[in-house]
Amino acid sequence: MNFKEYIESNRQAVRSEIMRYLPMREPRGHYRIAREYSERMGSYRRPGLLMLSGEMFGARKADLLLPGAAMQASEDWILVHDDIEDDSEMRRGKPALHKLYGNGLAINAGDAVHIAMWRMLKDHMVNVGLERGGPLYDKFYDMMERTVEGQFLETDFICNVRRLSKAGEDLYFRIIGSKTCYYTVYGPMQLGALVAGVDSEVLDALKEVGEPAGVAFQITDDILDMTADEKVFGKKRFGDLYEGKLTLIILDAYKRASKDERARVDAIFRKERAQKTPGEIDFMRGLIEKHGSIEYARKVAKEYGKRAEEAAKRHGSIFPENEFKTTLLAALGELYVRRY
């Protein structure tokens, strides 16, 4: 079974758990909006990694469902708020929630899913007991805290700094170290392992494997923003350029650009999304193509993917030999060679 097949085998069960915590009740309009991103369903990579890691270490699937649902619910509410912060146009192939209902109702809907997420984690702790459930709750809290810290760094750049001359690859890697590596890759794996009752040595090994895989994942995500089919990717192309986000691609192009070109890029980055013209986006796309910055990003992603593979080999003896290990290691590789 490959990772996609594993996700599909658990998708409906995870989704059902989420919907159980977001029942259609009065006021129905509120819950209809709150359920929308969850009903659209994302890739389910995060709950997939959580459950796969847990099963690899011997956890029962029944004990993994609520943490998996909480993991997916966290993505659903974070994306509602992210889309407002970034003024994104689309999410999962449809208009972003705030484009349909306005910022106020969208924020409130995101809050509803956020509240449900913590209720799921509390109920899991009640089900399995404080000794087993407490460490998972604490790890989840730490992961979410780091995630919003990374979001602050990114949002502060987009809203206040707005100049690539004031940033660099070090800031980019700080942001994705929190927002992507922990939240998207090794955090979910650690959570699943905690359900199985592993020790700190295993958690450290999962971080060593998952951290470089997370870097490769995010760089690949940046590349897909520039190259992927919108219908497959579920978001509008060039969203990172419109939103003024830091990516390895634009940082490399900026570094190689002439003084006049850098000044123009900074002027574009100082604009709000709605103020940027297609011509300005085309200028930045041309600069990226001129300097081969997408190829540079691919090279860096490949390097980090190799680091993840080396770490997995180094810690191979810690992971039980079973079908779930094979699927998990393949899944980590697929994170940075994907097309969606």
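The values are calculated or read from the model by the stated rules, or taken from the named source; none is laboratory data. Since the model is a prediction, treat every value here as computed from it, not as a measurement. Counting neighbours? That spans all protein chains shown, and the Cβs are built from the backbone with ideal geometry, glycine included.
For region 89-157, which helices (runs of 4 or more DSSP H) that fit wholly inside it have 2 or more residues that are under 18 Å from Q72 (Cβ atoms) and not basic (K, R)?
103-128, 130-156
Can you tell me which residue among Y37, Y31, Y44 is among the aromatic types (F, W, Y), farther than 29 Å from F324 by Cβ and touching a residue at least 12 places away in the same chain (Cβ under 8 Å)?
Answer to the check: Y31.
Being more than 18 Å from the chain's Cα centre (by Cα), buried (at least 18 other Cβ atoms within 10 Å of the Cβ) and either over 21 Å from D76 (Cα atoms) or at pLDDT below 95 (or both): is that true of G168 here?
no
Out of all the residues in region 255-264, is one or more under 23 Å from I176 (Cα atoms) and at pLDDT 95 or above? Outline the logic, then answer.
The first filter runs over region 255-264 and keeps only residues under 23 Å from I176 (Cα atoms), leaving 255-256.
Add one more test, that the residue is at pLDDT 95 or above, and what stays is 255-256.
The answer is yes; a qualifying residue exists.
I'd like the residue in region 233-270 that is without any contact (Cβ under 8 Å) to a residue 24 or more places away in the chain and in a loop (DSSP other than H, G, I, E, B) and, out of all such residues, is farthest from E169 (Cα to Cα).
Among those residues, the one meeting the criterion is R237.
I'm trying to understand the selection: among the residues of region 112-161, which are within 20 Å of T184 (Cβ to Cβ), among the polar types (S, T, N, Q) and at pLDDT below 95?
Once the filter is applied, which keeps residues that are within 20 Å of T184 (Cβ to Cβ), among the polar types (S, T, N, Q) and at pLDDT below 95, region 112-161 yields Q151, T155.
Can L97 be described as crowded, with 21+ Cβ neighbours inside 10 Å, touching a Pro at 6+ places or on another chain (Cβ under 8 Å) and of a type in the set (A, V, I, L, M)? Working first, answer last.
On the way: crowded, with 21+ Cβ neighbours inside 10 Å: yes; touching a Pro at 6+ places or on another chain (Cβ under 8 Å): no; of a type in the set (A, V, I, L, M): yes.
No; evaluated as a whole, the condition is false for this residue.
How many residues are within 16 Å of the chain's Cα centre (by Cα) and crowded, with 21+ Cβ neighbours inside 10 Å if we restrict to region 39-78?
18
Inspect all residues belonging to region 208-215 and state whether any of them is farther than 20 Å from E334 by Cα and in a helix (DSSP H, G or I). Break it down into steps so the answer makes sense when it comes.
Residues of region 208-215 that are farther than 20 Å from E334 by Cα, as a first pass: none.
Within region 208-215, none of the residues are farther than 20 Å from E334 by Cα and in a helix (DSSP H, G or I).
Regarding region 178-186, can at least one residue be identified that is aromatic (F, W, Y), surrounded by 21 or more Cβ atoms within 10 Å (Cβ to Cβ), under 30 Å from K271 (Cβ atoms) and within 14 Å of the chain's Cα centre (by Cα)?
yes
Condition (residue is outside any helix (DSSP H, G or I) and either free of Cβ contacts under 8 Å to residues at least 40 places away in the same chain or within 21 Å of the chain's Cα centre (by Cα) (or both)) applied to region 294-301: is it met by at least one residue?
Checked against the condition, which is being outside any helix (DSSP H, G or I) and either free of Cβ contacts under 8 Å to residues at least 40 places away in the same chain or within 21 Å of the chain's Cα centre (by Cα) (or both), region 294-301 yields no hits at all.
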